[in-house]
Every structure is written in C-alpha cells, then in structure tokens.
Amino acid sequence: MLSNSPHVGHKVAGCLLFLSFFHLAAGSSGKDTQSQDDLHVIHNNQLDLREIVFVIQSQSNTFHVRQAERRREDLLKQARGFTEKQPVVLLLHSLSENEGDWSILPLLPYLSHSFGKNSSWIVFLEEETNVKLIALIKVLAKVDKNKEWFLGKPLFDEESTIIHHYAFAENPSIFKYPDFAASWALSIPLVVRLAKKVKEEPLKSDFTIDLKHEVALYIWDNGKGPHLTAVPELCTVPEDSPQASHCATTVSKKPPLCGEPVNKEDIFVAVKTCKKFHSERVPVIKKTWEKDALFLEYYSDHADPSIPTINLGVPNTERGHCGKTFAILQRFLSSAVPDTKWLLIVDDDTLISIPRLQVLLSCYDSSEPVSLGERYGYGLSQGGYSYITGGGGMVFSREAVVRLLKSGCKCYSNDAPDDMVLGMCLNALGLPVTHSPLFHQARPEDYARDFLAHQVPISFHKHWNIDPIAVFNKWLKDDFTASQDELKSAKTEL
C-alpha cells in the first residue's frame with residue numbers, strides 16, 4: 001500500500017466527451033498474453049476499469065491528432081482482451097474550444113462535473129506514453145481511491161532554476177513534480193476539491209512555463225494539499241528495455257513513421273543578433289551548428305560584412321525584438337531570400353541541432369499553418385493565449401507566415417515581446433501553437449536530469465555560466481558516422 005499525507009463553468013462538451021477514446025502504445029498490448037493470474041487480479045480487485053478516465057494530453061495539429069488516435073485504439077484493444085467494460089478515454093484537444101485546456105487546471109471543473117460521481121481516477125498520458133493496462137490497474141487497485149492522491153514518476157531540480165522561478169532555492173531537490181511522459185494520476189476526491197478551488201479562487205500566475213512543476217505546486221498548496229507520491233511502475237524507459245519488466249508505463253523507442261528528414265534546402269534560418277554580440281555569440285554559432293544550415297542569415301542593427309550581418313533598419317532594443325522579428329517574417333516571403341517551406345528564427349545564444357530538426361519536421365505538413373517550438377502560456381485561465389517561447393527556437397511553415405502577415409498582425413512597439421505578440425496573433429486567427437518538449441528555453445542544467453534522460457533534444461538557450469561549445473558537443477552534436485536509424489531516434493519525444 002502506498003503511503004500519503006491525510007491532508008488533503010468551464011465547458012459544455014459532453015457530446016464530444018463520449019466520442020473521444022484513447023490509445024496506448026503499439027507493441028505494449030497485442031503481443032502480450034494476459035495470464036490467468038493477471039485476469040484473476042483484474043476480476044477480483046475493487047477497481048472497475050470504467051472507474052478510470054484516461055486523458056491523453058493531445059494537440060490539434062494533424063500529426064499529433066493521428067498519434068493520439070493510435071494511442072486510443074491500442075488502449076481499447078487491450079481492454080477488449082479481458083473485459084467488455086470499456087474505459088473512458090478523452091483526447092484533450094477535442095474537449096472544447098478553450099485554449100487553456102492544455103494547462104490542465106482550467107479543465108478540472110469539467111472533469112469533476114462529468115466524472116466526480118461515477119469514477120475513481122483521472123489518469124493523464126502524453127501522446128508517446130505506452131501503457132500496459134493490466135499492470136496499471138494493479139497499481140491503482142493498491143491505493144485507497146476514497147482519499148486524495150497525486151501519483152507519478154517524480155522529477156526534482158538539482159539546483160534552483162529560472163524556469164521554476166527559483167523555487168525552493170535553499171533545497172531545490174526537496175520538491176517533487178511528475179514526469180508527464182510516464183503518466184500521472186489524480187484520485188477523484190482530489191479532483192473534486194481542486195475543481196472547487198479553481199472555480200472559487202482565480203489562478204494566481206499569469207504565465208504557464210513548466211506545466212508539470214506548476215501543477216504540482218498548485219496541488220501541494222504550500223503543504224495544505226498532497227505531495228506527489230512516487231509510483232515505481234510509472235516509467236520512462238523504452239518499452240523493450242530490460243528495466244521495463246516491472247513497468248506499467250514506458251515510452252516509445254521506435255520513432256513514428258514520418259518519412260525521410262526534411263531537406264536542408266527546405267529550411268531558412270534567421271538569427272537575431274546585435275553589434276555588441278557580434279564578437280561574443282556569433283563565433284559560437286559558427287563553431288557549432290552554422291555549417292548544418294544551408295540557408296542562414298544574421299540580422300543585426302549593424303551591417304558587418306565579415307560575418308556577414310544584415311541591417312533590417314530596425315533599431316536594436318534591449319528586450320522584445322518584435323520589430324526585428326516582423327521584419328524577418330516579411331523578408332522570408334520576399335524574393336530577397338530562397339523560397340523555402342520552413343522558417344526557423346533563433347536568438348544568437350540559441351544552441352540547436354539542425355539535423356534533428358530536419359527529422360522532426362518530417363512529421364509535419366508544411367502546407368498547413370504550423371507554429372512549432374516550446375509552448376508557454378499567458379493568462380490561460382482567463383481566456384489568454386499560447387505562444388512559442390523564442391529562445392528555444394520558433395519554427396513556422398510558410399503557410400503560417402503568410403496567414404500571420406495577411407491578417408495585419410503587427411507589433412505595438414519595436415521592443416514588444418515578439419513571441420508573445422505572435423502568440424496573440426495566432427490565437428486571434430484560430431491557428432494552433434504546437435508544442436515539442438525537444439525545444440528548450442533554458443540551459444541543460446535548468447531541467448531535471450531524468451527529464452532529459454529520455455529525450456534527444458533539439459535546442460537549448462543561454463550562454464550564462466556555461467561553455468556553450470561544450471554544451472553543444474555534449475547534448476546536440478551528432479556522430480555522423482551513426483546510422484540513420486540512430487539519428488531518427490530524435491523522433492521518440494515528439
């Protein structure tokens with residue numbers, strides 16, 4: 001039995017609810033034979049499969065919808081193997097038109113209202129989370145469903161980090177938060193109480209930066225709510241790993257079948273810089289990833305032919321850079337640069353792997369309005385918007401740029417935050433912001449070690465207190481003698 005502390009208006013999408021069911025990883029179900037002992041446990045425990053509501057944290061982009069639907073179908077296939085009692089599985093992106101649903105907390109009143117009386121658990125999964133259904137039921141059956149529980153695979157910070165607002169600065173490792181890729185679960189009593197709190201008390205933070213940490217903080221509530229209870233069976237090892245034998249969840253080892261990597265000729269790279277960083281930051285790019293980009297231009301407030309840089313006629317600003325970014329968008333659609341399918345905009349202190357980006361982009365359709373990177377949120381509980389945070393790299397399909405500029409979207413000042421202005425414009429147009437955890441707004445040391453352990457990252461950001469060339473070589477440089485299959489393993493964390 002697990003131990004835990006004893007402390008303890010949204011949507012009208014009911015019709016969508018029952019149309020949405022979820023899948024668990026291919027390879028984790030069909031080839032597994034259910035033993036008689038397993039079936040005995042399932043039929044004799046006090047947890048009915050229909051008491052579990054699965055929520056896959058899906059996205060509305062075509063590729064991600066396809067991934068979520070595959071997960072849904074596999075889960076239902078597993079369930080049919082031992083019972084006629086089908087679980088409820090929800091695809092998060094389909095539950096309503098509320099942009100803030102992905103931040104989970106605004107979703108809680110809906111979950112409480114719809115499932116508070118007849119369910120026992122809400123289990124959240126990411127698109128790449130593989131589930132062994134019988135093993136997961138065994139885990140949940142050990143826990144008293146009538147108490148408040150917050151279950152997951154714990155992550156912790158080894159040092160205080162900017163992405164967590166330097167929380168627990170004196171002892172960062174004391175606070176545990178869930179690795180979403182392993183799945184995480186809330187008991188219904190906890191969901192009901194949290195839902196009431198969400199409705200009665202406005203959410204305090206305007207920004208959503210690292211959702212898993214912020215959800216854990218909200219649940220913990222300065223010690224008034226439950227801490228995260230570690231569940232060893234919730235794992236992020238590959239499904240065919242020897243370490244996975246005890247696991248109820250794993251992550252996919254095989255990449256999605258997305259075709260060949262996008263050609264270098266299809267990506268145009270725009271680097272934002274300024275005169276004071278020409279000698280400090282630009283040389284790092286030239287020594288690391290510049291050689292992997294076929295089409296690349298540096299945009300500055302000063303034209304320097306030795307780099308070379310291009311002056312777009314926009315004065316440098318200490319922050320924001322909206323004027324410069326919109327000038328880049330306009331130039332991308334002009335005849336001044338090659339006609340490419342994709343635009344990548346980065347800062348001069350962004351470290352990025354172009355080959356891994358080529359692999360990732362093979363999963364997306366450039367004829368769709370794709371905006372891709374690390375997703376943040378602003379005011380999501382009050383009708384706000386999502387945006388791609390700029391430091392980790394912002395990727396746009398040509399169609400997305402065309403629609404943005406055609407809409408009349410523009411900066412309210414040259415030093416407005418470019419990524420947030422773009423997020424507002426995309427939201428106004430009804431165009432999705434697509435999240436990939438492989439892009440990172442901060443340095444490797446700003447993320448939990450176990451979180452990065454199951455990734456093949458695409459980018460990091462900032463040179464502060466690090467050797468950026470050493471960081472690139474450790475985290476982002478590929479051995480080009482490696483096989484194409486090894487390179488394509490970058491797709492496992494889409």
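The values are calculated or read from the model by the stated rules, or taken from the named source; none is laboratory data. Since we're looking at a predicted model, the values are computed, not measured. Please note: Cβ atoms are built from the backbone with ideal geometry, for glycine as well, and neighbour counts cover all protein chains shown. In case anyone asks, the SASA skips ligands and DNA or RNA and just uses the protein heavy atoms, side chains included. Shrake-Rupley method; radii C 1.70, N 1.55, O 1.52, S 1.80 Å.
Odds and ends about this structure:
- Computed magnitude of the charge dipole of the chain (debye, nearest 20; Cβ of K, R +1, Cβ of D, E -1): 800 debye
- Both numbers refer to the Cα atoms of the stretch 321-404; Rg and Dmax are 13.5, 42 Å.
- In terms of packing, defined here as the mean over residues of other Cβ atoms within 10 angstrom, the peptides 279-290, 424-435 line up highest first as 424-435, 279-290.
- R0 of 30 Å, Cβ-Cβ distance Lys117-His246: FRET efficiency to nearest 0.05: 0.35
- Where only DSSP H runs of four or more residues are counted, the chain gives -8000 deg cm²/dmol as its mean residue ellipticity at 222 nm, each run worth -39500 (n - 2.57).
- For the stretch 264-415: rounded, prolate or oblate by the Cα gyration tensor [a/c cutoff 1.5]: rounded
- Ranked by the mean number of other Cβ atoms within 10 Å of their residues, highest first, the peptides 462-470, 127-135, 442-450 fall in the order 127-135, 442-450, 462-470.
- Per residue, the Cα convex hull of the stretch 248-351 amounts to 162 Å³.
- Relative to the 2.2 N^0.38 Å rule of thumb, the chain has a C-alpha radius of gyration ratio of 0.99.
- Cα pair distances exceeding 25 angstrom across the stretch 89-191, given as percent: 30 percent
- In this calculation the C-beta distance from Lys85 to Lys196 is compared with R0 = 35 Å, giving a FRET efficiency of 0.75.
- √(5λ) per eigenvalue of the Cα gyration tensor, the stretch 132-278, largest first, Å: 32, 26, 16
- FRET efficiency, Leu294 to Ile466 (Cβ-Cβ, R0 35 Å, nearest 0.05): 0.80
- Spacing of the two label points (7 Å from each Cα toward its C-beta) at Lys275 and Tyr166, in nm: 3.3 nm
- When peptides 86-99, 213-226, 330-343 are sorted by average Cβ neighbour count within 10 Å, with the highest value leading, the order is 86-99, 213-226, 330-343.
- The HN-Hα couplings worked out from phi for the stretch 411-417 by the Karplus form 6.51 cos²θ - 1.76 cosθ + 1.60 (θ = phi - 60°) are 7, 7, 6, 4, 9, 5, x Hz, whole numbers, x standing for Gly and Pro.
- 5 angstrom amide H check on Leu155, placed H, neighbours 5+ away: Tyr177, Asp179
- Inter-centroid distance (Cα atoms) of the stretch 147-201 relative to the stretch 48-124, Å: 20 Å
- Restricting the calculation to alpha carbons of the stretch 275-325 gives Rg and Dmax of 11.4, 29 angstrom.
- For Asn311, the residues whose amide H sits under 5 Å from its own are Ser300, Ala303, ignoring neighbours fewer than 5 places away on the same chain, with H placed 1.01 Å from N.
- Using a cut-off of 27 Å between Cα atoms, the listed pairs Lys117/Lys197; Lys85/Lys117; Lys176/Lys224 include none that exceed that distance.
- Backbone HN-Hα couplings from phi across the stretch 442-455 [Karplus 6.51/-1.76/1.60, Hz, Gly and Pro as x]: 10, 7, x, 6, 8, 10, 4, 4, 5, 5, 6, 5, 9, 10
- Simple spin-label estimate for Asp478 and Leu405 in nanometres, 7 Å along Cα-Cβ: 3.0 nm
- With every protein chain in place, the chain: carbon and sulfur % of accessible area (1.4 Å): 52 percent
- Karplus (6.51, -1.76, 1.60) ³J(HN,Hα), θ = phi - 60°, over the stretch 392-406, in Hz, Gly and Pro reported as x: x, x, 10, 10, 10, 6, 4, 4, 5, 5, 4, 5, 4, 6, 5
- The stretch between Ala336 and Glu445 holds 35.3 nm of extra length on full extension. This uses 0.36 nm per residue minus the Cα-Cα distance.
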